[in-house]
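Written out below as structure tokens is the structure these notes cover.
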Amino acid sequence: MAAAHHVLLLGGSGKVAQLLTPMLLQRSWNVTSIIRNPDQVANLQKLGENQSGGKLNVLVRSLEEVKSDAQAQSLIDEMKPDYVVFSAGAGGKGAPERTFTIDRDAACHFIRASVATPSITKFVMISFTTSRLAKPSWWDEDTWKAAHKKTLDALPRYYEAKVAADQVLYEEGKKRSDFAGICLRPSALTMEPSGKVTLGKTVKATGTSSRASVANLTALLLEQPNVKNCWLDMLDGDEDPEAAVKRDQSKTPRTVD
């Protein structure tokens, strides 16, 4: 029997991460969930209760203190995961610099350390739809301008941080043929139940994305054996998520646009 996968979940106290954790455990995978606040440990440990499959380890570490690739590598070497999910973020809390420290710098450190670790074969970045450098070819000019302006007006630092991290994932992911850098880009997040989706080249730049569906797609992408580097926009839609994941992975991997 093949050994169980071990997922390092960065930002384990987030809403998407808390929905994702039991999905991974139910696959008999082990999860190390990294959180900042020790007061949240007991509640997060409950996510691992009554699970007949994998084991959950909740670890208190501050991503703000990860200042180098070497520090990220040290944590990876300690945990020994084979998959990494980055679902952390400053969440608009604290000084503006926290957004760059966590969403950009820590993310980049963990991306580089993951690519430098041969045993890690997949890295999922939870990003957002308008985290892109230029208009994608499948959006019209008005759609791009409106969505881009809305993002810059509301979340300029977040946009700058996420674009930088996504770009590093794109560049680093090309260095290994056996590594899949997966950037999943939902739109406005909701607490609706998991359901059908639109995945890949979405016609719309805005819309809603159920957090439960984001979590489900993340698990499915990790589970998909032939997944390659890919940048997937995601909205609530009308396609079965399992079929959407298999369909998009049958195509040529996309660029970072």
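Quick notes
- For the peptides 102-109, 69-76, 22-29, residues were scored by their other Cβ atoms within 10 Å and the scores averaged per peptide; the highest-first order is 102-109, 22-29, 69-76.
- Computed over the chain with a Gaussian network model linking Cα atoms closer than 10 Å, the most mobile of Arg176, Arg157, Arg112 is Arg176.
- Note on Arg61 and Gln26: the extension gain reaches 10.1 nm, defined as 0.36 nm multiplied by sequence separation minus the Cα-Cα distance.
- Cα-only Debye scattering, the stretch 13-86: base-10 log of I(q)/I(0) at q = 0.16 Å⁻¹: -0.58
- Per the Cα gyration tensor, the chain maps to an equivalent ellipsoid with semi-axes of 26, 21, 19 Å, ordered largest to smallest.
- Stretching Gln167 away from Ser119 to a fully extended chain increases their span by 15.0 nm, per 0.36 nm per residue minus the current alpha-carbon distance.
- Cross-link pairs exceeding 28 Å between alpha carbons, from the set Lys204/Lys228; Lys135/Lys175; Lys149/Lys228; Lys135/Lys196; Lys15/Lys196; Lys55/Lys162: Lys149/Lys228; Lys55/Lys162.
- Build a GNM of the chain with springs between Cα atoms under 10 Å apart, and of Leu47, Leu155, Leu189 the one that fluctuates most is Leu155.
- Relative contact order (%) - the stretch 151-257, alpha-carbon pairs under 8 angstrom, separation at least six: 31 percent
- Contact order for the chain, expressed relative to its length and based on alpha carbon pairs under 8 Å spaced 6+ residues apart, stands at 18 percent.
- Of Gly181, Gly11, Gly195, the one that fluctuates the most in a GNM where the chain has Cα springs shorter than 10 Å: Gly195
Each reported figure results from applying straightforward, stated rules to the coordinates on display, with no laboratory input. Quick caveat: nothing in here was measured; it's all calculated off a predicted structure. Please note: Cβ atoms are built from the backbone with ideal geometry, for glycine as well, and neighbour counts cover all protein chains shown.
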